[in-house]
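We did not get these values from a lab; they are worked out from the coordinates using the rules stated. The structure presented is a predicted model; accordingly, all values stated were derived computationally and were not measured. Every residue, glycine as well, gets a Cβ built from its backbone with ideal geometry; the counts of neighbours run over all protein chains shown.
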Amino acid sequence: MMKKIMIIFGTRPEAIKMAPLVKALEQDPDLEPIVVVTAQHREMLDSVLNIFSITPQYDLNVMKVGQTLSGITSKSMVKLEDIIQDVMPNMVLVHGDTVTTFSGALAAFYNQVPIGHVEAGLRSYEKYSPFPEEVNRQMVGVMADLHFAPTYHAAQNLIKEGKLPDQVVITGNTAIDAMNFTISNHYTSQIIEKHKDKKVILLTAHRRENIGQPMINIFKAVKKIIDDYEDLVLIYPVHMNPKVRELAHKYLGNHPRVELVEPLDVVDFHNFAKQSYLILTDSGGIQEEAPSIHKPVLVLRESTERPEGVKAGTLKVIGTKEETVFKALKQLLDNSYIYQNMCNAKNPYGDGQASERIVNHIKYYLGLINEKPSHFESAKD
Ligand code: UD1
Ligand code: UDP
């Protein structure tokens with residue numbers, strides 16, 4: 001009998017990183033994937049589902065404008081519990097650190113279904129940074145039975161916290177698997193063509209803890225840079241959160257060299273990233289993707305739970321003060337030695353085979369194969 005694997009996700013980044021795993025599970029004759037989306041995000045989730053041709057078996061459609069953390073948590077949990085009891089899967093898989101991740105894991109735990117946590121073990125050890133993701137991820141770590149850590153560093157965090165070494169698997173990050181699917185050397189787009197004689201700064205900013213003054217600081221610094229350097233264009237696909245949209249349009253709208261665009265689908269975004277000069281972001285996932293396409297990233301946060309990219313040299317954590325953001329951008333634009341070093345850093349996040357490893361380890365855990373599968377060869381600290 002096929003074993004049922006329920007994959008639960010709800011936001012854009014979870015979908016991008018779970019899609020290659022859904023595809024790998026679909027290929028396996030012993031496993032039956034059952035995709036459940038909370039749709040904590042609606043349009044941004046659907047865009048990823050379309051690109052990867054994934055039709056969820058269950059769609060909870062929970063998103064509403066102005067949703068609160070407790071609101072999404074409680075709504076998702078009640079609905080997820082019904083589905084879990086209906087299907088009784090052999091394992092539930094959740095990804096990362098969102099409200100959907102936490103709700104999915106808790107609903108599985110309450111029904112005593114084994115939990116596999118994809119992208120486990122990232123830690124800032126700062127309760128409110130990123131908020132609420134740091135604590136969500138830690139709480140899921142307490143409930144999980146199998147921890148799929150993308151890197152050696154993430155695995156070590158889990159071991160130090162007392163997780164059993166047999167339950168921790170180093171896999172690489174599935175984001176790199178997704179990029180193998182999306183990136184093309186022949187990609188072109190109207191916006192990129194329009195600005196082909198300019199250097200592109202690609203910006204994304206959406207973090208809950210940055211909304212308000214930090215985001216205003218970032219936007220003011222970026223505007224000053226764009227004004228000062230005539231060979232630059234800023235492309236900013238603006239997250240759908242209305243609070244982010246309002247600030248973006250207020251501080252960056254109506255500039256001839258600023259393109260405020262709708263969220264890009266993941267094929268467009270990955271290829272824009274590949275063709276950009278540098279990336280400015282507070283995103284988590286983009287910090288993992290940029291090293292594999294050799295793009296420098298200035299991280300708009302006070303700390304990062306992704307230190308591997310900092311150590312490798314691709315990422316620089318610059319915070320959210322106007323002066324600091326301005327200076328960091330200026331330095332990267334003026335100093336070609338620093339720029340080239342950041343471009344040439346080695347990608348620490350994976351080899352594109354994370355999903356396959358995860359599937360093999362699930363099969364081993366469920367007793368479908370006898371030989372212990374291998375881990376990703378991740379650089380040691
Ligand atoms: C969520 C995750 C965050 C992740 C981010 C990725 C939590 C607590 N936060 O934050 O970890 O980094 O997703 O983007 O789980 N909206 C739409 N359409 C969409 C998506 C969002 O209209 O397709 C709007 C809605 O008004 C929604 C708002 O954005 O209420 C905020 O969405 P929410 O999921 O609560 O927060 P994010 O900041 O997106
Ligand atoms: N992304 C996308 N379109 C965009 C911006 C980002 O497809 O317009 C992708 C990006 O490549 C990465 C993911 O979305 O895979 C990151 O999502 P986000 O920054 O919203 O969330 P985080 O990673 O911070 O949780």
Open item on the list: If I go through the range 232-259 residue by residue, how many of them are within 16 Å of ligand 1 (Cβ to nearest atom) and hydrophobic (A, V, I, L, M, F, W, C)?
Closed with: 5
Task: Residue count for the range 125-184, restricted to those that are within 16 Å of ligand 2 (Cβ to nearest atom), surrounded by fewer than 22 Cβ atoms within 10 Å (Cβ to Cβ) and of a type in the set (Val, Ile, Thr) - done: 3
TODO: Test Glu119 against the stated conditions and say whether it is within 16 Å of ligand 2 (Cβ to nearest atom) and farther than 30 Å from Glu246 by Cα.
DONE: yes
Task: Residue satisfying all of: in the range 283-294; within 14 Å of Ala345 (Cβ to Cβ) and crowded, with 21+ Cβ neighbours inside 10 Å; farthest from ligand 2 (Cβ to nearest atom) among these - done: Pro291
Open item on the list: Tell me yes or no: at least one residue of the range 24-40 is buried (at least 23 other Cβ atoms within 10 Å of the Cβ) and near ligand 1 (Cβ under 8 Å from one of its atoms).
Closed with: yes
Open item on the list: Take the residues in the range 224-252 that are touching a strand residue (DSSP E or B) at 6+ places or on another chain (Cβ under 6 Å) and in a loop (DSSP other than H, G, I, E, B); name whichever of them is surrounded by the fewest Cβ atoms within 10 Å (Cβ to Cβ).
Closed with: Asp231
Task: the range 85-102, residues that are in a helix (DSSP H, G or I) and more than 16 Å from ligand 2 (Cβ to nearest atom) - done: Gln85, Asp86, Val87
- [ ] State which residue pairs qualify: first residue on the phi < 0 side of the Ramachandran plot and within 16 Å of ligand 2 (Cβ to nearest atom) and inside the range 220-244, second residue of a type in the set (Gly, Ala, Ser) and not in a loop (DSSP other than H, G, I, E, B) in any location, beta carbons under 8 Å apart, and separation of 6 or more residues or different chains.
- [x] Tyr236/Ala248; Val238/Ala248
- [ ] Could you list, in sequence order, all residues of the range 352-381 that are surrounded by 15 or more Cβ atoms within 10 Å (Cβ to Cβ) and either hydroxyl-bearing (Ser, Thr, Tyr) or closer than 16 Å to Ala19 by Cα (or both)?
- [x] Gly352, Gln353, Ala354, Ser355, Glu356, Arg357, Ile358, Val359, Tyr364, Tyr365, Ser378
Open item on the list: Of all residues being in a helix (DSSP H, G or I), in contact (Cβ under 8 Å) with a residue 60 or more places away in the chain and over 16 Å from Thr174 (Cβ atoms) in the range 1-46, which is farthest from ligand 2 (Cβ to nearest atom)? Just the residue, please.
Closed with: Glu43
Open item on the list: crowded, with 20+ Cβ neighbours inside 10 Å, within 13 Å of ligand 2 (Cβ to nearest atom) and in a strand (DSSP E or B): is that true of Leu280 in this structure?
Closed with: yes
Open item on the list: Can you pull out every residue in the range 84-114 that is hydroxyl-bearing (Ser, Thr, Tyr) and either under 23 Å from Ala155 (Cα atoms) or touching a residue at least 60 places away in the same chain (Cβ under 8 Å) (or both)?
Closed with: Thr98, Thr100, Thr101, Ser103
Open item on the list: I'd like to know if the range 189-204 contains one or more residues that are closer than 25 Å to Lys330 by Cβ, in contact with a Phe, Trp or Tyr (Cβ under 7 Å, 6 or more places away or on another chain), part of a helix (DSSP H, G or I) and more than 16 Å from ligand 2 (Cβ to nearest atom).
Closed with: no
